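The values are calculated or read from the model by the stated rules, or taken from the named source; none is laboratory data. From a predicted model like this one, the values you see are computed outputs, not experimental measurements. A quick note on method: Cβ atoms are made from the backbone with ideal geometry, for glycine too, and the neighbour counts reach across all protein chains shown. Remember, those area values only see protein heavy atoms, side chains included, never the ligands or the DNA or RNA. Shrake-Rupley method; radii C 1.70, N 1.55, O 1.52, S 1.80 Å.
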Amino acid sequence: MKKETGEPQFSTKTSPKAEPALLELFTDGIKDIYWAENHLVKSLPKMQKAATSKTLVAAIESHLEETKTHVSRLEQVFGLLGEKVQAQKCDAMEGLAKEGEGIVESTEPGTATRDVGIILASQKVEHYEIATYGGLTQLAKTLGLDEVAELLYQTLTEEKAADQQLTEVAESDINYKAADEQ
(Lines give C-alpha, C1' and ligand atoms only; values in the text may rest on other atoms or scores of the structure.)
Protein backbone atom coordinates (compact mmCIF):
# COMPACT_ATOMS: atom_id res chain seq x y z
CA MET A 1 0.00 0.00 0.00
CA LYS A 2 1.33 3.41 -0.88
CA LYS A 3 0.06 6.62 0.58
CA GLU A 4 0.02 9.61 -1.69
CA THR A 5 -3.07 11.62 -0.81
CA GLY A 6 -3.75 10.33 2.69
CA GLU A 7 -5.97 7.56 1.29
CA PRO A 8 -4.63 4.00 1.20
CA GLN A 9 -3.70 3.01 -2.30
CA PHE A 10 -2.93 -0.55 -3.24
CA SER A 11 0.08 -1.05 -5.39
CA THR A 12 0.79 -4.04 -7.52
CA LYS A 13 4.07 -5.11 -9.00
CA THR A 14 5.85 -1.91 -8.06
CA SER A 15 8.66 -3.35 -6.00
CA PRO A 16 12.13 -3.62 -7.53
CA LYS A 17 11.93 -7.38 -6.96
CA ALA A 18 8.71 -7.55 -9.01
CA GLU A 19 6.94 -9.66 -6.39
CA PRO A 20 3.58 -11.15 -7.29
CA ALA A 21 0.89 -8.61 -6.39
CA LEU A 22 -0.68 -10.75 -3.64
CA LEU A 23 2.66 -11.34 -1.93
CA GLU A 24 3.36 -7.61 -2.06
CA LEU A 25 -0.05 -6.85 -0.55
CA PHE A 26 0.58 -9.47 2.15
CA THR A 27 4.02 -8.04 2.98
CA ASP A 28 2.52 -4.54 3.22
CA GLY A 29 -0.02 -5.95 5.68
CA ILE A 30 2.76 -7.43 7.80
CA LYS A 31 4.58 -4.08 7.86
CA ASP A 32 1.34 -2.35 8.84
CA ILE A 33 0.52 -4.68 11.76
CA TYR A 34 4.16 -4.56 12.87
CA TRP A 35 3.83 -0.77 13.24
CA ALA A 36 0.51 -1.27 15.04
CA GLU A 37 1.90 -3.76 17.55
CA ASN A 38 4.88 -1.52 18.30
CA HIS A 39 2.52 1.41 18.79
CA LEU A 40 0.53 -0.67 21.28
CA VAL A 41 3.67 -1.43 23.26
CA LYS A 42 3.92 2.34 23.79
CA SER A 43 0.23 3.09 24.35
CA LEU A 44 -0.87 0.19 26.59
CA PRO A 45 1.08 1.48 29.62
CA LYS A 46 -0.90 4.75 29.38
CA MET A 47 -4.17 2.82 29.48
CA GLN A 48 -2.90 0.71 32.35
CA LYS A 49 -1.95 3.81 34.33
CA ALA A 50 -5.39 5.35 33.72
CA ALA A 51 -7.30 2.23 34.81
CA THR A 52 -8.63 1.85 38.35
CA SER A 53 -9.85 -1.74 38.57
CA LYS A 54 -7.10 -4.10 39.65
CA THR A 55 -8.53 -6.75 37.35
CA LEU A 56 -8.39 -4.39 34.37
CA VAL A 57 -4.87 -3.23 35.25
CA ALA A 58 -3.76 -6.89 35.38
CA ALA A 59 -5.47 -7.67 32.07
CA ILE A 60 -3.72 -4.76 30.37
CA GLU A 61 -0.36 -5.78 31.86
CA SER A 62 -0.85 -9.33 30.61
CA HIS A 63 -1.73 -8.11 27.13
CA LEU A 64 1.25 -5.76 27.07
CA GLU A 65 3.54 -8.75 27.59
CA GLU A 66 1.68 -10.68 24.90
CA THR A 67 2.00 -7.71 22.54
CA LYS A 68 5.78 -7.76 22.99
CA THR A 69 5.66 -11.42 21.96
CA HIS A 70 3.57 -10.45 18.92
CA VAL A 71 6.28 -7.98 17.88
CA SER A 72 8.91 -10.73 18.15
CA ARG A 73 6.72 -13.15 16.26
CA LEU A 74 6.29 -10.63 13.43
CA GLU A 75 10.07 -10.22 13.31
CA GLN A 76 10.24 -14.00 12.76
CA VAL A 77 7.71 -13.59 9.93
CA PHE A 78 9.93 -11.00 8.26
CA GLY A 79 12.82 -13.47 8.47
CA LEU A 80 10.75 -16.27 6.95
CA LEU A 81 9.75 -13.94 4.13
CA GLY A 82 13.36 -12.94 3.54
CA GLU A 83 12.40 -9.30 4.17
CA LYS A 84 14.08 -6.76 6.38
CA VAL A 85 12.10 -5.83 9.48
CA GLN A 86 10.22 -2.69 8.55
CA ALA A 87 7.21 -0.86 9.94
CA GLN A 88 4.67 0.92 7.78
CA LYS A 89 2.49 3.42 9.59
CA CYS A 90 -0.91 2.00 10.46
CA ASP A 91 -3.43 4.84 10.33
CA ALA A 92 -6.15 2.61 11.78
CA MET A 93 -4.18 1.78 14.93
CA GLU A 94 -3.10 5.39 15.32
CA GLY A 95 -6.75 6.44 15.20
CA LEU A 96 -7.86 3.75 17.65
CA ALA A 97 -5.10 4.74 20.08
CA LYS A 98 -6.10 8.42 19.83
CA GLU A 99 -9.71 7.47 20.49
CA GLY A 100 -8.62 5.60 23.62
CA GLU A 101 -6.64 8.60 24.82
CA GLY A 102 -9.68 10.79 24.20
CA ILE A 103 -11.83 8.51 26.36
CA VAL A 104 -9.32 8.75 29.19
CA GLU A 105 -9.19 12.54 28.90
CA SER A 106 -12.98 12.90 28.86
CA THR A 107 -13.72 10.69 31.88
CA GLU A 108 -13.12 11.24 35.57
CA PRO A 109 -10.01 9.61 37.06
CA GLY A 110 -10.71 6.75 39.45
CA THR A 111 -14.17 5.97 38.07
CA ALA A 112 -15.62 2.74 36.80
CA THR A 113 -16.94 4.78 33.87
CA ARG A 114 -13.35 5.47 32.79
CA ASP A 115 -12.56 1.76 33.12
CA VAL A 116 -15.55 0.90 30.93
CA GLY A 117 -14.29 3.40 28.35
CA ILE A 118 -10.83 1.84 28.46
CA ILE A 119 -12.37 -1.60 27.92
CA LEU A 120 -14.44 -0.36 24.97
CA ALA A 121 -11.40 1.29 23.37
CA SER A 122 -9.29 -1.81 24.01
CA GLN A 123 -11.89 -4.09 22.45
CA LYS A 124 -11.95 -1.94 19.31
CA VAL A 125 -8.20 -2.47 19.09
CA GLU A 126 -8.60 -6.22 19.64
CA HIS A 127 -11.25 -6.46 16.93
CA TYR A 128 -9.00 -4.62 14.48
CA GLU A 129 -6.16 -7.01 15.30
CA ILE A 130 -8.44 -10.05 15.02
CA ALA A 131 -9.56 -8.91 11.56
CA THR A 132 -5.99 -8.20 10.49
CA TYR A 133 -4.46 -11.43 11.77
CA GLY A 134 -7.38 -13.45 10.44
CA GLY A 135 -6.95 -12.00 6.97
CA LEU A 136 -3.17 -12.29 7.00
CA THR A 137 -3.35 -15.90 8.18
CA GLN A 138 -5.61 -16.77 5.25
CA LEU A 139 -3.35 -14.93 2.79
CA ALA A 140 -0.30 -16.77 4.13
CA LYS A 141 -2.10 -20.09 3.57
CA THR A 142 -3.09 -19.02 0.05
CA LEU A 143 0.52 -18.10 -0.70
CA GLY A 144 1.75 -21.45 0.63
CA LEU A 145 3.53 -19.82 3.56
CA ASP A 146 2.48 -22.45 6.09
CA GLU A 147 5.07 -21.61 8.76
CA VAL A 148 4.15 -17.92 8.54
CA ALA A 149 0.44 -18.82 8.71
CA GLU A 150 1.05 -20.80 11.90
CA LEU A 151 2.82 -17.86 13.57
CA LEU A 152 0.04 -15.48 12.57
CA TYR A 153 -2.60 -17.94 13.76
CA GLN A 154 -0.94 -18.15 17.19
CA THR A 155 -1.27 -14.38 17.50
CA LEU A 156 -4.86 -14.46 16.19
CA THR A 157 -5.77 -16.95 18.93
CA GLU A 158 -4.18 -14.75 21.60
CA GLU A 159 -5.99 -11.65 20.33
CA LYS A 160 -9.32 -13.47 20.51
CA ALA A 161 -8.52 -14.57 24.08
CA ALA A 162 -7.61 -10.98 25.05
CA ASP A 163 -10.93 -9.76 23.69
CA GLN A 164 -12.79 -12.42 25.67
CA GLN A 165 -10.86 -11.52 28.82
CA LEU A 166 -11.89 -7.86 28.43
CA THR A 167 -15.52 -8.91 28.08
CA GLU A 168 -15.26 -10.97 31.27
CA VAL A 169 -13.63 -8.07 33.16
CA ALA A 170 -16.42 -5.73 32.06
CA GLU A 171 -19.19 -8.18 32.91
CA SER A 172 -17.75 -9.19 36.28
CA ASP A 173 -18.47 -5.87 37.96
CA ILE A 174 -17.05 -2.81 36.22
CA ASN A 175 -20.11 -2.21 34.01
CA TYR A 176 -22.41 -2.47 37.04
CA LYS A 177 -20.29 -0.09 39.11
CA ALA A 178 -20.27 2.41 36.25
CA ALA A 179 -24.07 2.16 35.94
CA ASP A 180 -24.34 3.26 39.61
CA GLU A 181 -22.04 6.29 39.19
CA GLN A 182 -23.49 9.76 38.88
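Quick notes
- A Förster radius of 25 Å, combined with the Cβ-Cβ distance separating E147 from K124, puts the computed FRET efficiency at roughly 0.25.
- Taking label positions 7 Å along the Cα-Cβ direction at both T69 and A179, the computed distance is 3.4 nm, reported to one decimal.
- Under the combined filter of DSSP loop state and at most 15 neighbouring Cβ atoms within 10 Å, the stretch 131-182 retains none of its chymotrypsin sites (Phe, Trp or Tyr not before Pro).
- Test item: Cα-centred dipole of the chain, Lys/Arg +1 and Asp/Glu -1 on Cβ, debye: 540
- Net charge of neighbours whose Cβ lies under 12 Å from the Cβ of T107, counting Lys and Arg as +1 and Asp and Glu as -1: -4
- Sorting the Cα pairs of the stretch 109-182 by distance into bins of 5 Å, from 0 upward, gives 3, 17, 21, 16, 12, 10, 8, 6, 5, 2, 1, 0 percent per bin.
- Residue-normalised accessible area of the chain, given per residue in Å² at a 1.4 Å probe: 53
- Per-selection Kirkwood Rh - the stretch 35-182 (Cα, Å, 1 d.p.): 16.0
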